[in-house]
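Read the structure below first, then the notes.
The values are calculated or read from the model by the stated rules, or taken from the named source; none is laboratory data. Everything quoted here is computed from the prediction, not taken from an experiment. We place every Cβ from the backbone using ideal geometry, glycine too, and count neighbours over all the protein chains shown. The accessibility values were calculated without ligands, DNA or RNA, using every heavy atom of the protein model including side chains. Shrake-Rupley method; radii C 1.70, N 1.55, O 1.52, S 1.80 Å.
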Amino acid sequence: MLVELNKSAYAARVKRIYEAWNNASKNDDYASISDADALLLVAGDPAAEDEAMRKGTCFQQWLLGYEFPSTLILFQKDKIAVLCSASKAKILAQVQNVQGVPSMTIYAQAKAKEAANDAITNFLALYGSAHRVGTLMKETHSGKLVSEWQKLVSELNPKPEPMEMGPAVSSLMAVKDTDELKLVQTAATLTSTLLKHHVAPKLESILDRESKVTHETLSVQIEARLGSGEGDNAKGPDMKVWGKGKDLTNIDWQSAEFCYPPIIISKSSKSGYDLRYTIDSTEDNIAHKGVLLVSFGLRYKSYSTNIGRTFIVDPNPQQEAQYNLLLSLQSELLSFMKDGVAARDVYLHAVDFVRVRKPELEKHFVKTVGFGMGMEFRDATYVLSPKNARQLKTNMIFNLGLGFSDLTDTNGQKYALHIVDTVRVDANKSVLLTDGVKQSKETLFFLDAGSEVEVTKKPATKSRANGSPAKAKTIGGKVLRNPRRAVQDEVHQTAAARLMEHQRELHERLQEEGLAKWSEGGSSTSGKEGKGWKKYQSYKGEGGLPDEVERLRIFVDRKAQSVILPIHGFAVPFHINTIKNASKSDEGDFTYLRINFQTPGQLAGKKEDTPFEDPDATFIRSVSYRSPDGHRFDNLVKQITELKKEANKREQQKKEMADVIEQGALVELKGRRPYKLQEVFVRPALDGKRLPGEVEIHSNGVRYQSVGSQRLDILFSNVKHLFFQPCDHELLVIVHLHLRAPIMIGKKKTFDVQFFREATDVQFDETGNRKRKHRYGDEDEIEMEQQERKRRAMLNKEVKAFAEKIAEAASNSLGETLELDIPFRELSFEGVPFRTNVRLQPTTECLVHLSDTPFLVVTLAEIEIASLERVQYGLKQFDLVFIFKDFTKAPLHINSISSAQMDDVKNWLDSVDIPMAERPVNLNWGPLMKHVNENPYEFFREGGWSFLGGAPGAEEEQSESSDEESEFEVESADAFSEESSADDSEFDDGDDSDASGSDFGDGSESDDGEDWDELERKAARDDLKRNDPRRKNDSDDDDRPKKKAAPKGKANGKPKKR
């Protein structure tokens, strides 16, 4: 049977109905049905998708677990009667005779092709026998059965008196049982997860980047997290979002849906700040300043939850106080709402709370502070209003919605505030079911220092764009000589301490996430899990063997990729993949041919052992043949070697092309001409002559078409990142698309496609013209520079506008925002990711090099940790290694970065929440990652990445503390060191000059690497010695420097860890 009804739940809820009905006169909640002789529940055709769920439908689902359209249920004092179709009757037969509750009589109507029966007549007779019948009088239904029923009832005489039973039905469903509470909690978890891990980050990103996104577009993108599209284009739920929630592993995603389209409101909304849930998000772009309201609700297996939040960009103190008042009011009401409290008392208590603290806000307070929830999104019977006397009971679910409307800011603009959550009533208080992104630090966004408010005061020290503080001015505008760390600028110390603390948190979080990620079955995961035993077949049978085998000679069959060897009078074929290599040697008059086979236990260079079906079987390691015909064996070795090379090349190409996808068809835009960008070139270049073409934006992708007939289509679904790089300080203006999966362009696969225009103009006159007669000096050059700047600005504007149109079209096509990323040149640094030194530029989501091939695009979210290597005092360069979260992916090395940019690189890495570590030497990452991949869980259990040294600066901190502790000892040792170190320069040109030169040449001094404090102390001692007249006449032997003591610290000047 396809549909199985829950008999125990049905029995419990039927009992509740009859207990409430029989005791209705004693309970005001059920007073509306106290005089009813029967209760009639009518269900017609299903409601439209955009229509709210009817109370009758909710009641039916609550009772039976499913919706039964075109069904009438009549509750009598001693039995239950049901009028429905024959197919529904088979399902309802499961609960026809449940023990402990009145039996059910089913009146099944005849099927369409059968003769009519008297089911509806008999059901009408039962209905007519009652004097007063409770029904949902406010609901209207449609459908064939309902129309026939209404016609028969109108002809009935006498007719039963109808009574409104809506309030009683609401009371029956208001108190939730254990199973219902579990479903409500799941719906609340879904709602909170969506807010924390998608809605809030997405909205913050839009505000931070000032992206042009409409309210409606963001609403559609939020809805798409549950899946979108139909048929072949259908997309499932976004597990990147839902995977971050708790207890969401066994969700039936078909049963999850939105209660209403998410509502996004900002000050640019045409509808204004409307706190109702029946409005739609407008098509206006989201305003990037002011108040933004977000509300949405999710329903799981028909049980609803709701949430609403307020975000304020650049709030004034008045708005901050109003928002904090709402937070305090919610906490107060959670304590006040408990079993036995009247609904109106909740509202009046809220009004009193506002009146005492902010009397001027009382008139702006909402007219109700919530409503009951369950299967019905908004139960009007349990509205928290000043006129509702119904009492709250334990395990009731409410939408607690607090807010102020029709407020006015300092600029005279209207705004509203609200905080909405789903709560469960308990015996002594109420409990939040939805939560998250509510505190002021999470919802109030302040603009950078440098706003108008700051300008009127003393100008604050501005920070660089990469987050590192600007250097403070010193006394008199000059740099003081030998400043000690203890008296360095306070801003530097604060920034360094903040970076170290943040890095320590990132490392701890990385370790926790690693243990959680690999704890369940993660230890069995390895980077070679996709590698398995392959079976090769040379021939399907003896009939497939070539004719040459009859001669019983060694034969290389290129067509079958096999080598046929004569063994004991039989022709035995071996596929080329079973052969390792072939070799020839001459001994006397004979030539020996040796063919080696692939066997277990061999190491083929850097490759792993070749997998075998049964490694314990008996294998032939090699076969040797002897012949006086050396010339023939030469040819055989050559043929086998070439065949093996071809097979390896083919296997390598197959492996390289494994991730190449075949894109779907581009849907061309119809009804209007597509947006075009003309006179652009593409990289990688298409086959043929290099000629400019044009890029067109279509419904689901972009198309590049050259002057010839060549086309290149890229679908939006395959675009991972979209970049625009202006031609400022560059020769090209670029629109760059980084793909999720590679595509083939010509005979090469590529992850990156770039459209560009050249910004240089070679057409100018160097010979002079009429203007030369009247102009002298640099007027022409200045004018040309101005024209060049204007032309570059226009070029940037045109190409950027086109890139924004691509982003907009992609967002509309995919249902999720494709952000246009622009590199931050002020954060750039130079390094060697491949073979040449290039400029690497961070963007919001990536680190890129787009100016020349090969391109580099590193997604920051995919980086596990960054390792800074060769970080030593005295070295002018260091290396940066990115280890990816996908451990099977080789780490990315960026070498030879200038040490002068180390602080900028550190600040940038820290600002994008990438854990980093420092090392004085390079690591061999190949074997290291192999070890990690063998058992990731064990790797993290043993400390994970802590072996890299943890957060940068920790060792320096230890070094500083150790230096401060031993400072007195160093000073007291001056008397012993003065004799050995005074006037060293007087003997530099003596006999030891060669040794001294070799010391500096081999870098031993820089390797020992004393820290700054020690160098400063030495410089101070040298100054004292040179100024001491008693040291002038010391003997040469006393002044000659003594042998240097072994250093106590590491090679980079940092103390060893203990």
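Things to note:
- Top-ranked residue in segment 218-237 [being under 12 Å from residue 190 (Cα atoms) and in contact (Cβ under 8 Å) with a residue 24 or more places away in the chain; ranked as surrounded by the fewest Cβ atoms within 10 Å (Cβ to Cβ)]: 226
- Residues of segment 1-47 classified as farther than 23 Å from residue 92 by Cβ, open to solvent by 60 Å² or more (accessible area, probe 1.4 Å) and either touching a residue at least 40 places away in the same chain (Cβ under 8 Å) or not small (Gly, Ala, Ser) (or both), total: 5
- When each of 836, 844 is tested for being open to solvent by 10 Å² or more (accessible area, probe 1.4 Å) and under 23 Å from residue 510 (Cα atoms), the lone residue that passes is 844.
- Matching residues, segment 565-580, being in contact (Cβ under 8 Å) with a residue 24 or more places away in the chain and exposed (fewer than 15 other Cβ atoms within 10 Å of the Cβ): 567
- Number of residues in segment 920-937 that are open to solvent by less than 20 Å² (accessible area, probe 1.4 Å) and either of a type in the set (Phe, Trp, Tyr) or touching a helix residue (DSSP H, G or I) at 6+ places or on another chain (Cβ under 8 Å) (or both) equals 3.
- For first residues located in segment 925-951 and touching a residue at least 24 places away in the same chain (Cβ under 8 Å) and more than 17 Å from residue 511 (Cβ to Cβ), partners that are of a type in the set (A, V, I, L, M) and surrounded by 13 or more Cβ atoms within 10 Å (Cβ to Cβ) and lie 6+ apart or on another chain with Cβ distances below 7 Å form the pairs 925/881.
Every residue, every condition in (1) open to solvent by less than 40 Å² (accessible area, probe 1.4 Å); (2) closer than 16 Å to residue 944 by Cα, yes or no:
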{"site": "862", "(1), (2)": "no, no"}
{"site": "871", "(1), (2)": "yes, no"}
{"site": "883", "(1), (2)": "yes, yes"}
{"site": "890", "(1), (2)": "no, no"}
{"site": "899", "(1), (2)": "yes, no"}
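- Yes/no for residue 413 being within 30 Å of residue 269 (Cβ to Cβ), under 38 Å from the mean Cα position of the chain (by Cα) and surrounded by 15 or more Cβ atoms within 10 Å (Cβ to Cβ): no
- As a summary of the residue check, residue 270 satisfies the conditions (1) open to solvent by less than 30 Å² (accessible area, probe 1.4 Å); (2) assigned to a loop (DSSP other than H, G, I, E, B); (3) not polar (S, T, N, Q) except for the one numbered (1).
- Within segment 713-742, tally of residues that are open to solvent by 10 Å² or more (accessible area, probe 1.4 Å) and either of a type in the set (A, V, I, L, M) or touching a helix residue (DSSP H, G or I) at 6+ places or on another chain (Cβ under 6 Å) (or both): 6
- Among the candidates 161, 155, the residue that is loosely packed, with under 14 Cβ neighbours inside 10 Å and touching a residue at least 24 places away in the same chain (Cβ under 8 Å) is uniquely 161.
- Selected residue (criterion: farthest from residue 123 (Cα to Cα)) from residues of segment 78-92 that are in contact with a helix residue (DSSP H, G or I) (Cβ under 8 Å, 6 or more places away or on another chain) and either in contact (Cβ under 8 Å) with a residue 60 or more places away in the chain or outside any strand (DSSP E or B) (or both): 92
- Residue under evaluation residue 297, criteria (1) open to solvent by less than 20 Å² (accessible area, probe 1.4 Å); (2) out of contact with any Cys (no Cβ under 8 Å at 6 or more places or on another chain), criterion not met: (2)
- Residue match in segment 549-564 (condition: open to solvent by 50 Å² or more (accessible area, probe 1.4 Å) and either at pLDDT below 70 or among the small types (Gly, Ala, Ser) (or both)): no
- Sole exception among (1) without any contact (Cβ under 8 Å) to a residue 60 or more places away in the chain; (2) farther than 21 Å from residue 210 by Cα for residue 301, by number: (1)
- Neighbours by Cβ (under 7 Å, 6+ apart or cross-chain): first from segment 197-216, in the same structural domain as residue 309 (by the TED database) and within 22 Å of residue 237 (Cβ to Cβ); second among the basic types (Lys, Arg) and assigned to a helix (DSSP H, G or I): 198/225
- Looking across 355, 344, one residue alone is of a type in the set (D, E, K, R) and surrounded by fewer than 16 Cβ atoms within 10 Å (Cβ to Cβ). It is 355.
- Here residue 168 clears all of (1) in contact with a helix residue (DSSP H, G or I) (Cβ under 9 Å, 6 or more places away or on another chain); (2) within 17 Å of residue 68 (Cβ to Cβ); (3) among the small types (Gly, Ala, Ser) except the condition numbered (2).
- Residue in segment 279-292 that is nearest to the chain's Cα centre (by Cα), counting only those that are assigned to a strand (DSSP E or B) and surrounded by fewer than 23 Cβ atoms within 10 Å (Cβ to Cβ): 285
- Cβ-Cβ contacts under 7 Å between residues 6 or more apart (or on different chains), taken from a first residue in segment 810-825 that is at positive phi to a second residue that is of a type outside the set (Ser, Thr, Tyr) and at pLDDT 80 or above, are listed as 815/220; 815/221; 815/224.
- Qualifying residue in segment 448-456 (condition: of a type in the set (Val, Ile, Thr) and either closer than 21 Å to residue 495 by Cα or at pLDDT 50 or above (or both)): no
- Residue identified as among the basic types (Lys, Arg), open to solvent by 70 Å² or more (accessible area, probe 1.4 Å) and within 28 Å of residue 380 (Cα to Cα) among 90, 182: 182
- The residues of segment 323-341 that are of a type outside the set (Val, Ile, Thr), under 21 Å from residue 394 (Cβ atoms) and touching a helix residue (DSSP H, G or I) at 6+ places or on another chain (Cβ under 9 Å), listed by number, are 332, 333, 336, 337.
- In the set (1) farther than 27 Å from residue 47 by Cα; (2) surrounded by fewer than 21 Cβ atoms within 10 Å (Cβ to Cβ), the condition left unmet by residue 215 is number (2).
- When the criteria are applied in full, residue 326 meets the requirement of being crowded, with 18+ Cβ neighbours inside 10 Å, of a type in the set (A, V, I, L, M, F, W, C), farther than 30 Å from residue 54 by Cβ and in contact with a His (Cβ under 8 Å, 6 or more places away or on another chain).
Residue-by-condition table, conditions (1) assigned to a loop (DSSP other than H, G, I, E, B); (2) under 30 Å from residue 109 (Cβ atoms); (3) out of contact with any Pro (no Cβ under 9 Å at 6 or more places or on another chain):
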{"position": "137", "(1), (2), (3)": "yes, yes, no"}
{"position": "149", "(1), (2), (3)": "no, yes, yes"}
{"position": "171", "(1), (2), (3)": "no, no, yes"}
{"position": "182", "(1), (2), (3)": "no, no, yes"}
{"position": "185", "(1), (2), (3)": "no, no, yes"}
{"position": "195", "(1), (2), (3)": "no, no, yes"}
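- Among residues of segment 116-141, those that are exposed (fewer than 13 other Cβ atoms within 10 Å of the Cβ) and either under 59 Å from the mean Cα position of the chain (by Cα) or not assigned by the TED database to the domain that holds residue 159 (or both), counted: 3
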